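The values are calculated or read from the model by the stated rules, or taken from the named source; none is laboratory data. For clarity, every value in this text was computed on a predicted model and none was experimentally measured. Cβ placement follows ideal geometry from the backbone for every residue including glycine, while neighbour counts extend to all protein chains displayed. Areas reflect the complete protein model, heavy atoms only, side chains present, ligands, DNA and RNA absent. Shrake-Rupley method; radii C 1.70, N 1.55, O 1.52, S 1.80 Å.
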Amino acid sequence: MRPATLAVVILIGMVVVALLVMRMGWNARARRTIQFVPSLPEVPTELGRSLLGPVAVVYVSTTRSGDWLERITAHGLGARSRAEVEVFDRGIRVLRTGAPDLFVPTSALRDVTVAPGIAGKVVGGDGIVVVTWLATPDDPRGVDTGLRPRHAADRERLVDAIAPLIRLTPGATAPAQEENS
């Protein structure tokens with residue numbers, strides 16, 4: 001075998017090994033993070049009145065609440081994807097392209113705010129809408145889901161549509177935007 005051919009074979013082998021190790025790490029993280037989101041909430045047959053949407057967004061990621069770098073990969077929640085968000089009386093529906101859809105019931109909502117980033121995307125300013133919700137009733141910390149609206153004007157519209165739902169939820173915190181009012 002010629003040295004150039006051998007070098008190419010070795011390089012291809014190294015790339016394959018690196019990809020396999022990355023995949024094993026991703027799968028291990030999914031097994032570790034399933035404790036925070038054991039299952040995705042079921043979408044009810046009746047969603048109630050439409051409050052907003054669909055709004056074009058990029059679903060960025062879901063992390064442990066308060067730790068914007070601890071990405072949750074269970075159930076495909078770590079996969080960044082194009083999406084549309086709809087807000088209804090009964091919750092928030094995120095229809096994702098190439099990944100499982102997500103529904104957050106109104107009863108699980110705890111906060112909505114804007115942030116400069118979340119695992120997978122840092123944009124500076126207040127470019128990411130962060131929705132805090134409880135994936136399990138026994139985890140008071142909850143999770144944060146980051147959404148980056150395609151149009152800047154949709155950030156405020158999305159926060160304004162979700163905030164009233166949080167006020168209806170027992171145990172939720174007041175949305176950060178209203179503290180300044």
key: Positive dipole terminus of the chain, leading residue within P3, P41, V58 (C-beta point charges)   = P3
ask   = Does anyone have the angle between helix 153-167 and the longest principal axis of the chain? Alpha-carbon axes, 0 to 90°, nearest 10?
value = 60
ask   = Expressed as a whole number of Å, what is the distance separating the alpha-carbon centroids of the range 67-122 and the range 128-146?
value = 9
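Treating only the Cβ atoms of Lys and Arg (+1) and Asp and Glu (-1) as charged, compute the dipole magnitude of the chain about its Cα centre; round to the nearest 20 debye. Don't jump to the answer; show the numbers that get you there.
Details: 21 positive and 18 negative charges, 184 e Å.
Dipole of the chain, to the nearest 20 debye: 880 debye.
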task = Work out the charge dipole of the chain with +1 on the Cβ of Lys and Arg and -1 on the Cβ of Asp and Glu about the Cα centre, then indicate which of A161, A18, V104 is farthest towards its positive end.
result = A18
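Please work out the average accessible area per residue across the range 46-161, using the 1.4 Å probe convention, and give it in Å².
Per-residue accessible area for the range 46-161 comes out at 41 Å².
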query = Any idea what Rg and Dmax come out to for the chain if you just take the C-alpha atoms, in Å?
reply = 19.1, 74
key: Exposure of E156 as accessible area (Å², to 10), given a probe of 1.4 Å and all protein chains   = 130
task = Determine the calculated [θ] at 222 nm for the chain from helices alone, applying -39500 (n - 2.57) to every DSSP H run no shorter than 4 residues and normalising by the residue count; nearest 500 deg cm²/dmol.
result = -9000 deg cm²/dmol
query = What do you get for Rg/Rh of the range 71-153 when both radii come from the Cα atoms and Rh is the Kirkwood radius?
reply = 0.93
request  = Calculate the spin-label point distance for M14 paired with M1, positioning each point 7 Å from the Cα along the beta-carbon direction, and give it in nanometres.
outcome  = 1.5
note = Applying the gyration tensor rule to the Cα atoms of the range 53-110 (axes a ≥ b ≥ c; rounded if a/c under 1.5, else prolate if a/b exceeds b/c, else oblate), the class is oblate
